[in-house]
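**Q** My structure is below; once you've seen it, I'll send some questions.
What follows draws every value from the coordinates through simple rules; no lab data is involved. Note that this is a predicted model, so its numbers are computed, not measured. When we count neighbours, we look across all protein chains shown, and the Cβ atoms used for this are built from the backbone with ideal geometry, even at glycine.
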Amino acid sequence: MANAERLVLIADDDQGVRDALQFALKLEGIDVHAHSGPAELLADADVQRAGCVILEDSMPHMDGLELLRRLRARNNRLPAIMLTNHATPGFRQRAGAAGVHLVLEKPLLDTALIDTLLVILGDA
């Protein structure tokens, strides 16, 4: 089992994004469970042990904000980072109200994701 402080869960329906995130995080020594959608992430046996979750805002069957609401309904308060193609002020406001720590617009062009994760995981 992965160490809770070093485990990040990802839910994104884009295989390329999952692969790229998993590769980048593993380079930082972070354990990753990458899931193709919300149902997989919710079924992950280590969801209560994770240090952070990275969610895509738009996935089939359930968006990232609804997935986060379902995690919160299970008393899971892990920090969340939301990835989106359209980071409008309204979306940022809804995400913030849902407890999202950071909203990042794709494509990810800088180190904001890694920098934020390292702070959340206590490595920075």
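**Q** What is the P(r) of region 4-120, as percent of Cα-Cα pairs per 5 Å bin from 0?
**A** 2, 12, 25, 28, 22, 10, 1
**Q** Mind listing the long-range amide H neighbours of L108? Cut-off is under 5 Å, sequence gap 5 or more, other chains count too, H placed in the peptide plane at 1.01 Å from N.
**A** Residues meeting the criterion, in which the H sits 1.01 Å from N, do not exist here.
**Q** Please state the relative contact order of the chain as a whole percent: Cα pairs under 8 Å, 6+ residues apart?
**A** On the way: 185 pairs, mean separation 28.7, N = 124.
RCO, the chain: 23 percent.
**Q** On to the next question. Give me the distance in nm between label points sitting 7 Å out from Cα along the Cα-to-Cβ direction at L109 and D19, one decimal.
**A** It is 2.4 nm.
**Q** So for region 57-124, what are the equivalent ellipsoid semi-axes in whole Å, largest first, each being the square root of 5 times an eigenvalue of the Cα gyration tensor?
**A** Listed largest to smallest, the semi-axes of region 57-124 are 19, 17, 10 Å.
**Q** Another one. Report, in deg cm²/dmol and to the nearest 500, the calculated mean residue ellipticity at 222 nm for the chain, where each DSSP H run with n ≥ 4 adds -39500 (n - 2.57) and the sum is divided by the residue count.
**A** -11000 deg cm²/dmol
**Q** Which of rounded, prolate or oblate describes region 1-52 when judged by the alpha-carbon gyration tensor and an a/c cut-off of 1.5? Spell out each step's value before the answer.
**A** Values: a/c = 2.76, a/b = 1.06, b/c = 2.61.
Taking the square roots of the gyration eigenvalues as a ≥ b ≥ c, region 1-52 is oblate.
**Q** Considering amide H positions built from the backbone, and no H for Pro or chain starts, which residues 5 or more places from M59, or on another chain, come under 5 Å of its amide H?
**A** Correct list: G64.
**Q** Karplus couplings for region 104-120 from phi (6.51 cos²θ - 1.76 cosθ + 1.60, θ = phi - 60°), rounded to Hz, Gly and Pro as x?
**A** 10, 8, 7, x, 7, 10, 10, 9, 4, 5, 4, 4, 5, 4, 4, 5, 4
**Q** Shifting gears a bit: Under a Cβ-only charge scheme (Lys and Arg +1, Asp and Glu -1), can you give me the dipole magnitude of the chain about the Cα centre, in debye to the nearest 20?
**A** 500
**Q** For region 58-106, state which trypsin sites (Lys or Arg not before Pro) are in a DSSP loop and have at most 15 other beta carbons lying within 10 Å of their beta carbon.
**A** Working: sites: R69, R70, R72, R74, R77, R92, R94; in loops: R74, R77.
In loop regions of region 58-106 (DSSP not H, G, I, E or B), the sparsely surrounded trypsin sites (Lys or Arg not before Pro) are R74, R77.
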